[in-house]
Amino acid sequence: MSKPILRATDVVVEFTGLRALDGVSLALAPGEIVGLIGPNGSGKTTLINAITGQVRLAGGSITLGDRTISGLKPRDIALLGLARSFQIVRLFNEMTVVENVQAAALAHGAGTRAARATALRLLHELGLDARADELGASLSYGDKRRVEIARALAADPAFLLLDEPAAGMNDAETEALLHTLAALPAQRGLGLLIIDHDMGLMMRLCHRLQVLAFGKTIAAGSADEVRRHPAVIEAYLGSEAAHA
Amino acid sequence: MNRHLLTAVLLSGLVVLLVVATEALGVRVFDRIATNLCVSLVLVIGLQIFMGNSGILSFAHIGFMGVGAYVSALLTIPAQMKGMALPDLYPILQGIQVSPYLAIALAGVAAAVVAAVMSYPLMRLSDAAAVITSFALLVVLHTVMTNWSNVTNGPRTLFGVPKATDLLLAAGVAVAAIVGAVAFKESRTGLLLRASRDDEVAAAALGAHIPHLRWRAFIVAAFFAGVGGALWGHFVTSFSPNAFYLHQTFVILGMLVIGGANTVTGAVVGAFLVTGAFESLRSVEARLNDLKLFNDQVVGLTEIVLALAMIAVLILRPGGLFPSREIGAVLARAFANKKKGAA
Ligand SMILES: Nc1ncnc2c1ncn2[C@@H]1O[C@H](COP(=O)(O)OP(=O)(O)OP(=O)(O)O)[C@@H](O)[C@H]1O
Ligand SMILES: [Mg+2]
C-alpha cells in the first residue's frame, strides 16, 4: 500500500472581516518538496495553520489519505504524522536544546533514553552538537531555526511543514540548510512543504511551487513555469509597488 | 556521575547535613526548627512538581496539606479519645486506628485522590483562569474543613493527634520528595510538561496532551502535600483549619518563588533560606519585645520581610535563585568548562 497523500481542498479561513484563505487547494505526496510562495499577508502561514489545526476552517477540508483531519485538535493531527516549524520561532526556552528535541520524540511514544539518543543524532545531523546543553533562549536566531527543524524531525513525521526555515540565516547557513532539506524526502520518505521568501533557495530546492496572493492560488507548477507566469510577476511587482 | 543523580545526591546531602548538625548540637529548639524545615521541604517540593513543571501558579496546594493532616488524624487518634476530640464523628470511623506511618502514607493517597477528582476539568485552563480556579479550590477545601464538623471538629482545634513525627522521619520523607521530584522532572511526563510550560502551542503541535500531563503532576503534588500535612499534624498534635489557609500558602509560595520554581534545587534552597530568615527574625522580634523599646509588641516582622524578599526577587531575578538549571547541571557545566579551558 502506498503512503497517503496530504490534501487541502478549497480551504477557506476567515478572520474578523478578512478572508485570509479563499478556496485554496494543495496536495503533498510523500517524497516530494513543494514550495509555497507569495507576497506578505497572502495567506501562506495561515494555510499551514489550517493544515495543522491551529486555525479553524470556514470552508473546505484537509484530508490525509481518505481520512478527514480538519476539525481535529493540533495534538491529534501531530500524532498522525504531521510536524511543523513556526515563522516566529517557538522553542522551549528554559529547556536545553537536547531536551527541546527529545520532547518531540517523547510525545510520539519513544522512551526517555531512546528519545535522547534520537535527539543527539539529529542535533549532530544539523551541526548542533556543541549547542546540545545550551538553553533554548540563549541560541542565535539561525541555531533556533535549526533546533526547530531537528525537533520537528524527532517526531519522525510523514509530512513536514516549514514556515520560513531560512529566515535570519546567512548565506553559508542557508546553503547548508538547503542540502539538509533536499536530502530529507529520499532519506525519510517524507513530504516537505516549505514557505520562504528566498527565491534562489526555493527555485533550487522545490520540485513544485505554488503561488498565493490575497488568499488565492494564482499559479502553480515548476520553478520556470511559475517564474514566467504573468499573474506572479504582477503580484510581486504589484506588492513591491505598493510597498514603495 | 549523571547530573540528575548528582542533583538528587547534593540536595539530599543538604538534608542529611541538617540532621547531623542538629543532632550534634542537641538543642531542642533547633530540633523543632529542623523538623519544621523538613516538613516545609516536603510541601515546597510537592508544589514545585506541579508549578515548576507546568508553569501554572497553584494556590490549592495547602488545601491538600489540610486533607492529609485530617485524614491522618482520623486514622490515628485512639478510639477512646475520639469521643472527646470529635464528638460528632460517624460511628463507622470511631473504631479505626492504624499506625501513624501507614496513616501518613494513606493521607498522601487520600489527598491525591481528592485532587484527581476535583482538578481534571481545571487542567484545560491556563494563565489567569488557572490561577483563579486553583484559588477557588483552596477556598472550597477550606470551607469543607471548617464546616464538616463530623470529621474535622469544625473551625475549632482538633486535639489528640498522636505524636509520631521526629526529625529523622521528616528528613527521610524530605529526601524521598527530593528524589521523587528530580525523577518526575526528568520523566516523559515531566519533560513534556515543561515543554508545555515554555510554549503551549509548540508542545501541542508536537502531540503533547497538555491537560493530561498537568493532571498527573497535580496528583503527584497533592500526594506530597497530603504527606507533608500528615507529617506536620503528627508533629504539632493539634491544629485547626486555619493552619491550612492563606498564611501557610503564602509562606510555601514564598519559599518556592525565592528559590526558583522551575528547579527542585530552587525549592530546596528557598525552603532553607526562608526558614533560616524566619527563625532569625523571630528571635529578633522576641529580643525587641524583651527590650520593651516600643509601647506595643512587635509582630508580623517575619511576614513583612518575606513579602519584601519575594518582591525583591521577582524584580531582580524573576526566575528565583535557581531559575532554570539544577545544581547538578550547574556544577557539571562548570567542571566541563574548566576542563576545556585547561586543555
Ligand atoms: N490570528 C489572526 N487574526 C487575524 N488576522 C490574521 C491572523 N493571522 C493572520 N491574519 C491575517 O491573515 C492574512 C494572511 O496572513 P499570513 O500570516 O497567512 O500571511 P503570510 O502569507 O504568511 O505572510 P508573511 O509572508 O508576511 O508571513 C494577513 O492579512 C494577516 O494579517
Ligand atoms: Mg507567514
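Could you work out which residue, out of B:Val19, B:Val268, B:Val220, moves most in a Gaussian network model of chain B, that is, has the largest mean-square fluctuation with Cα springs under 10 Å?
The residue with the greatest mean-square fluctuation here is B:Val19.
Please give the calculated 222 nm ellipticity per residue for chain A, where each DSSP H segment of at least 4 residues contributes -39500 (n - 2.57) and the sum is spread over every residue; nearest 500 deg cm²/dmol?
Details: 9 runs with 98 residues, N = 244.
About -12000 deg cm²/dmol.
To the nearest 0.05, what FRET efficiency results for B:Leu281 and B:Ala342 with a Förster distance of 45 Å applied to their C-beta separation? Provide the component values of the computation, followed by the final result.
Numbers: r = 45 Å, r/R0 = 0.99.
Taking R0 as 45 Å, the efficiency between B:Leu281 and B:Ala342 is 0.50.
Residue farthest toward the positive end of the dipole of chain A, with Cβ of Lys/Arg at +1 and Asp/Glu at -1: which of A:Gln87, A:Ala58, A:Ala182?
Sorting the options by dipole projection puts first A:Ala58.
To the nearest 0.05, how large is the calculated FRET efficiency for B:Asn147 and A:Tyr236 if R₀ is 41 Å and r is the Cβ-Cβ distance?
0.05
For peptide B:97-110, what's the mean number of Cβ atoms from other chains within 10 Å of each residue's Cβ? It would help to have the intermediate numbers written out before the result.
Values: counts 0, 0, 0, 0, 0, 0, 0, 0, 0, 0, 0, 0, 0, 0.
What the average comes to for B:97-110 is 0.
Accessible area of B:Ser238, 1.4 Å probe, to the nearest 10 Å²?
Result for B:Ser238: roughly 40 Å² accessible.
In the range B:204-343, with Lys and Arg counted as +1 and Asp and Glu as -1 at Cβ, which of these residues, B:Leu314, B:Thr263, B:Leu291, has the Cα nearest the positive end of the dipole, that is, farthest along it?
B:Thr263
Which of the lysines could be linked to B:Lys82 by a straight reach, that is with a Cα gap under 20 Å, when you skip same-chain ones fewer than 8 residues away?
Reachable lysines: B:Lys163.
Return the Rg/Rh value of chain B, two decimal places, where both radii are evaluated on C-alpha atoms and Rh is the Kirkwood radius.
On the way: Rg = 20.6 Å, Rh = 20.8 Å.
Looking at chain B, the ratio lands at 0.99.
Tell me which aspartates and glutamates have Cα within less than 17 Å of B:Lys292's Cα, excluding those fewer than 8 residues away on the same chain?
none
Averaged over peptide A:118-128, how many Cβ atoms belonging to another chain are found within 10 Å of each residue's Cβ?
Working: counts 0, 0, 0, 0, 0, 0, 0, 0, 0, 0, 0.
Mean shielding by partner chains, rounded to a whole number: 0.
With a 10 Å cut-off between alpha carbons and a GNM built on chain B, which of B:Ala307, B:Ala164, B:Ala202 moves the most?
B:Ala202
For A:Lys44, list the lysines whose Cα falls under 29 Å from its own Cα; do not include residues on the same chain fewer than 8 positions away.
A:Lys3, A:Lys73, A:Lys144, A:Lys216
Taking Cα pairs under 8 Å and at least six residues apart, what relative contact order does chain B come out at, in percent?
Working: 547 pairs, mean separation 101.1, N = 343.
Relative contact order for chain B comes out at 29 percent.
Pick from B:Pro87, B:Pro155, B:Pro78 the residue whose mean-square fluctuation is largest in a GNM of chain B, springs joining Cα atoms under 10 Å.
Comparing B:Pro87, B:Pro155, B:Pro78 in a Gaussian network model of chain B, the most mobile one is B:Pro87.
State, as an integer percentage, the relative contact order of the range B:66-224 based on alpha-carbon contacts under 8 Å between residues 6 or more apart. Each step should come with its number before you reach the end.
Working: 147 pairs, mean separation 50.0, N = 159.
It comes to 31 percent, rounded to a whole number.
So which trypsin sites (Lys or Arg not before Pro) in the range B:151-186 end up in coil per DSSP with only 12 or fewer other C-beta atoms within 10 Å? Before the final figure, lay out the partial values.
Numbers: sites: B:Arg156, B:Lys163, B:Lys185; in loops: B:Arg156, B:Lys163.
In loop regions of the range B:151-186 (DSSP not H, G, I, E or B), the sparsely surrounded trypsin sites (Lys or Arg not before Pro) are B:Arg156, B:Lys163.
Grab the beta carbon distance between A:Phe214 and A:Arg56, set R0 = 30 Å, and tell me the FRET efficiency rounded to 0.05. Write out the running numbers ahead of the final one.
Working: r = 20 Å, r/R0 = 0.67.
For R0 = 30 Å, the calculated efficiency reads 0.90.
May I ask you to rank B:Val299, B:Val42 by accessible area, largest first, using a 1.4 Å probe over the protein chains only?
Working: B:Val299 110, B:Val42 0 Å².
From most accessible down to least: B:Val299, B:Val42.
Once label points are set 7 Å from the Cα along Cα→Cβ at both B:Ala136 and A:Ser140, what is their separation, rounded to one decimal in nm?
4.9 nm
Given axes a ≥ b ≥ c from the Cα gyration tensor, I'd like to know whether the range B:1-61 is rounded (a/c under 1.5), prolate (a/b larger than b/c) or oblate. Intermediate values should be presented prior to the final figure.
Working: a/c = 5.96, a/b = 1.42, b/c = 4.19.
Note, shape of the range B:1-61 comes out oblate.
Total Å² of accessible surface buried at the A-B contact, 1.4 Å probe, nearest 100? Each step should come with its number before you reach the end.
Values: alone 11640 and 15850 Å², together 25280 Å².
Interface between A and B: roughly 2200 Å².
Using the heavy atoms of the protein chains alone and a 1.4 angstrom probe, what is the accessible area of the range A:71-116 per residue in square angstrom? Present the calculation step by step, with values, prior to reporting the outcome.
Numbers: 1770 Å² over 46 residues.
Averaged over the residues of the range A:71-116, the accessible area is 38 Å².
Quick check for you: with a 1.4 Å probe and neighbouring chains kept, what is the accessible area per residue of the range B:232-292, in Å²? Don't skip to the end; give the middle numbers.
Numbers: 2220 Å² over 61 residues.
Result: 36 Å² per residue.
Over the alpha-carbon set of the protein assembly as shown, divide Rg by the Kirkwood Rh and report the Rg/Rh ratio to two decimals.
Numbers: Rg = 29.0 Å, Rh = 26.8 Å.
With Rh from the inverse mean 1/r over Cα pairs, Rg/Rh is 1.08.
Using the Cα centre as the reference, give the magnitude of the dipole from point charges on the C-beta atoms of the protein assembly as shown (Lys, Arg: +1; Asp, Glu: -1; all else neutral), rounded to the nearest 20 debye. Don't skip to the answer; put the middle values down first.
Working: 46 positive and 41 negative charges, 189 e Å.
It works out to roughly 900 debye.
The values are calculated or read from the model by the stated rules, or taken from the named source; none is laboratory data. Since this is a predicted model, take the numbers as computed values, not measurements. Cβ: placed from backbone, ideal geometry, glycine included. Neighbour counts: every protein chain shown. Calculation scope for accessible area: heavy atoms of the full protein, side chains included, ligands and nucleic acids excluded. Shrake-Rupley method; radii C 1.70, N 1.55, O 1.52, S 1.80 Å.
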